[in-house]
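Beneath this line is the structure, given in C-alpha cells, with notes to follow.
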Amino acid sequence: MERFDVIIVGAGISGIGAACQLRRRRPGRTFAVLESRDRIGGTWDLFRYPGVRSDSDMFTLGYAFRPWRGPRAIADGASIRNYVEDTARAFGVDREIRFGHRVRAADWDDTAAQWTVTVEHGGELRTLSCRWLALCAGYYDFEAGHRPDFPGEQEFRGRIVHPQQWPADLDHDGKRVIVIGSGATAMTLVPALARTAAKVIMVQRTPSYVVSQPRDDPFAERLPGWLPSRLRPWLVRWRNLLLTQASYELSRRRPEEMKARLRRGLRHALPEPYDLDTHFTPPYQPWDQRLCVVPDGDLFHAINEGRVEVVTGRIDTFTPTGLRLRSGRELDAELIITATGLTVRIAGGIRLSVDGVPVDPGRTVTYRGVMLCGVPNLSLVIGYVNASWTLRADLVSGYLVRLLRLMDRRGFDRVVPEPPKGDLGDRPLLDLRSGYIARAAAALPKQGKRSPWLIHQNYLRELWPLRFRPLRFRPLRDGILQFRRRAAPDHGRSPVDHDRAANGSRTNSPTGARGSP
C-alpha cells in the first residue's frame with residue numbers, strides 16, 4: 001500500500017491551491033492529488049456551456065501566492081482552467097496528480113494514526129494510506145445537476161439539455177430557445193445564446209438580484225505604469241475584496257438601501273417602461289441568495305435589443321412545441337435548457353468512517369469551517385458564499401500547512417476537534433437560502449452561532465484565526481482541538497494534550513483524541 005503524508009482529493013482550484021501551499025511551505029511532505037476526471041480544473045473543466053465564466057473578479061478568485069495577471073476581471077471558463085493548470089505546472093504539483101482516480105471511501109485507523117483510502121481506477125479498486133486527508137472536491141455532485149421532473153416532458157418534440165451535461169454537438173443557431181432558471185448559470189447562458197439564436201426566453205419562477213459589473217476592471221486600468229508589477233495585482237485584489245465585503249455588509253444591515261441601489265442600476269439599464277417589480281425584484285433580501293453578476297450589462301443589452309425576453313411564472317406543463325405556464329401563456333421553443341441548479345454533495349460523496357464507524361457529515365459540526373468534529377486528521381475546503389471561493393480556500397490551505405508544521409515540531413500524529421457542548425444551533429454549512437442548499441440541508445455539516453464553530457463570511461475577520469494566530473510559540477487555548485501522539489514503546493507514555501505538550505509537560509489523563517463521529 002502506497003503511503004503519503006497528505007492525500008488531496010480534487011484537482012480543481014481548491015485542490016491545486018492546497019498542493020501548491022504544501023509544495024511551497026512544507027517541501028518535505030509527500031502528497032498525492034487524486035482527481036476523478038482526466039484534466040485539471042474541476043468546475044472550470046466540467047462546465048462547457050456557452051459563455052461559462054467567473055461570477056466574481058479574477059483578482060480575488062486568483063491565488064494570493066500567484067496573482068491573476070490576465071487582461072479580464074471577469075474571465076471565461078477556459079482562461080480560468082488554463083490559469084489553474086499553469087499554476088500547478090509552475091509549482092511542479094502537476095506531476096503529483098493521479099487522474100481517473102475516484103475516491104470511494106476513507107477509514108481512519110486510530111491505532112495506526114492513518115487514513116486508508118479506497119480508490120477506483122480503471123474499473124479496479126486499490127487502497128492508499130495517508131496521515132492527513134484533505135477534501136478539496138467542492139460541494140456539489142459532478143455527475144449530475146439538479147433536474148426536476150416537469151409534467152409533459154415526453155411530449156416535447158425538441159431537445160432538453162442540462163448545462164452540466166452540455167453536448168459538444170448542440171446547435172442552437174437560429175433556434176427558439178427557452179432557458180429555465182434565474183441563477184448564475186441562466187444569467188450566463190441567456191446572453192451568450194442570444195448572440196446566434198433566433199430568440200431566447202428566460203423562464204423564472206422567482207427573480208434574482210442582478211448587478212452589472214465591468215468585464216475589465218477600471219481601477220486596474222487606471223493604475224499608473226510606474227507601479228511595480230508585483231504591487232499592481234495586490235492593490236486591485238484588496239480594493240475589490242474590501243468593496244465586495246462592504247456591499248455584503250450593507251445588504252445585511254440596510255437591506256432596503258441596498259435594494260434601492262440595485263433598482264436604480266436596473267432602471268438605468270432597462271427600457272422604460274419595464275416591469276421591474278415582476279421580473280427583477282425577488283421576494284427575499286439581498287444576499288439571502290447570491291447576487292448574479294452580468295458583465296458589461298450583456299443581459300440588459302440583449303433585452304433592450306429584443307433578443308431576450310424574461311418571463312416570470314410557474315410552469316404548468318411541457319407541450320409538443322414548448323411549454324405552458326399556469327397563467328395559460330404558451331411559449332414555443334425548439335430547445336429547452338434546464339438551468340435548474342446543482343445537486344449538493346459534500347466531501348465528494350466519499351464514505352467516511354472512523355475505526356469502522358460510519359461518519360454522517362450531516363450530523364457533524366465544523367471547527368472553523370476547516371475540520372469536522374470527531375473526525376481526526378481531516379480537513380475540507382469550503383469557500384465564501386458572498387465573495388470569491390479562493391479567498392477562503394487559500395486561508396484553509398494555509399491553516400492546514402501551519403497545523404501540520406506544529407504537529408511535526410511537537411511530535412503529534414493526530415488532532416481532532418471535540419464536539420461542542422450544548423446547543424450551538426444547526427445552521428447549514430453554506431449560509432444561503434438558495435433552493436439547492438435547502439434541498440441538501442440534512443446532508444450538510446452544521447455550523448454554530450459563534451466562533452470557532454462559525455464561518456464568518458468575512459475574509460478580514462478570518463485572517464487572524466486562520467492565517468496569523470500563533471501556533472508555534474504558544475498553545476491553542478480554546479480547549480477544542482485535541483492533539484495526541486502514539487506512546488513510545490519503551491516508555492509507555494500516555495496520550496498528551498496540546499496545551500500541556502506545548503508547555504513541555506506531560507499528563508496521564510486522556511484527551512479524547514477521537515470524539516463521536
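The values are calculated or read from the model by the stated rules, or taken from the named source; none is laboratory data. It should be emphasised that the depicted structure is a prediction, and the values quoted were computed from it without experimental measurement. FYI the Cβ positions are ideal-geometry reconstructions off the backbone, even for glycines, and counts take in every protein chain you see.
Structure values in brief
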{"quantity": "Which numbered condition residue 69 misses (of (1) of a type in the set (D, E, K, R); (2) modelled with pLDDT under 95; (3) closer than 26 Å to residue 299 by Cα; (4) out of contact with any Lys or Arg (no Cβ under 7 Å at 6 or more places or on another chain))", "calculated": "(3)"}
{"quantity": "Residues of the range 112-145 classified as touching a residue at least 24 places away in the same chain (Cβ under 8 Å), of a type outside the set (Gly, Ala, Ser) and surrounded by fewer than 19 Cβ atoms within 10 Å (Cβ to Cβ), total", "calculated": "3"}
{"quantity": "So residue 73, is it part of a loop (DSSP other than H, G, I, E, B), aliphatic (A, V, I, L, M) and buried (at least 20 other Cβ atoms within 10 Å of the Cβ)", "calculated": "yes"}
{"quantity": "Hits in the range 41-53 (condition: part of a loop (DSSP other than H, G, I, E, B) and in contact with a Gly (Cβ under 8 Å, 6 or more places away or on another chain))", "calculated": "41, 42, 47, 48, 52"}
{"quantity": "Test result for residue 141, over 22 Å from residue 40 (Cα atoms) and modelled with pLDDT under 95", "calculated": "no"}
{"quantity": "Exclusive hit being free of Cβ contacts under 8 Å to residues at least 40 places away in the same chain and under 22 Å from the mean Cα position of the chain (by Cα), set 226, 287, 238", "calculated": "238"}
{"quantity": "Residue that is nearest to residue 15 (Cα to Cα) [pool: residues in the range 104-155 that are touching a Lys or Arg at 6+ places or on another chain (Cβ under 8 Å) and of a type in the set (Ser, Thr, Tyr)]", "calculated": "139"}
{"quantity": "Test: residue in the range 60-72 that is free of Cβ contacts under 8 Å to residues at least 60 places away in the same chain, on the phi < 0 side of the Ramachandran plot and among the small types (Gly, Ala, Ser)", "calculated": "yes"}
{"quantity": "Residue check, residue 35 of a type outside the set (A, V, I, L, M, F, W, C), crowded, with 22+ Cβ neighbours inside 10 Å and modelled with pLDDT of 95 or more", "calculated": "yes"}
{"quantity": "Search result, residues across the range 307-341 that are β-branched (Val, Ile, Thr) and under 15 Å from residue 179 (Cβ atoms)", "calculated": "308, 310, 311, 312, 315, 336, 337, 338, 340"}
{"quantity": "Tally, over the range 223-248, of residues that are in a helix (DSSP H, G or I) and farther than 26 Å from residue 300 by Cα", "calculated": "10"}
{"quantity": "Subset tally (residues that are surrounded by fewer than 21 Cβ atoms within 10 Å (Cβ to Cβ) and not in a helix (DSSP H, G or I)) for the range 5-31", "calculated": "7"}
{"quantity": "Selection from the range 443-472 of residues that are surrounded by 12 or more Cβ atoms within 10 Å (Cβ to Cβ), of a type in the set (A, V, I, L, M, F, W, C) and part of a helix (DSSP H, G or I)", "calculated": "443, 463, 466"}
{"quantity": "Those residues of the range 271-293 which are buried (at least 19 other Cβ atoms within 10 Å of the Cβ) and either touching a helix residue (DSSP H, G or I) at 6+ places or on another chain (Cβ under 6 Å) or of a type outside the set (A, V, I, L, M) (or both), in sequence order", "calculated": "279, 280, 286, 287, 289, 292"}
{"quantity": "Among (1) closer than 23 Å to residue 61 by Cα; (2) modelled with pLDDT of 95 or more - the single one residue 124 does not satisfy", "calculated": "(1)"}
{"quantity": "Wholly within the range 308-354, strands (runs of 3 or more DSSP E) carrying at least 2 residues that are within 24 Å of residue 280 (Cβ to Cβ)", "calculated": "308-312, 315-319, 322-325, 330-332, 335-338"}
{"quantity": "Within the range 254-268, tally of residues that are surrounded by 12 or more Cβ atoms within 10 Å (Cβ to Cβ) and either polar (S, T, N, Q) or within 17 Å of residue 304 (Cβ to Cβ) (or both)", "calculated": "3"}
{"quantity": "Residues of the range 171-206 classified as more than 19 Å from residue 321 (Cβ to Cβ) and assigned to a strand (DSSP E or B), total", "calculated": "1"}
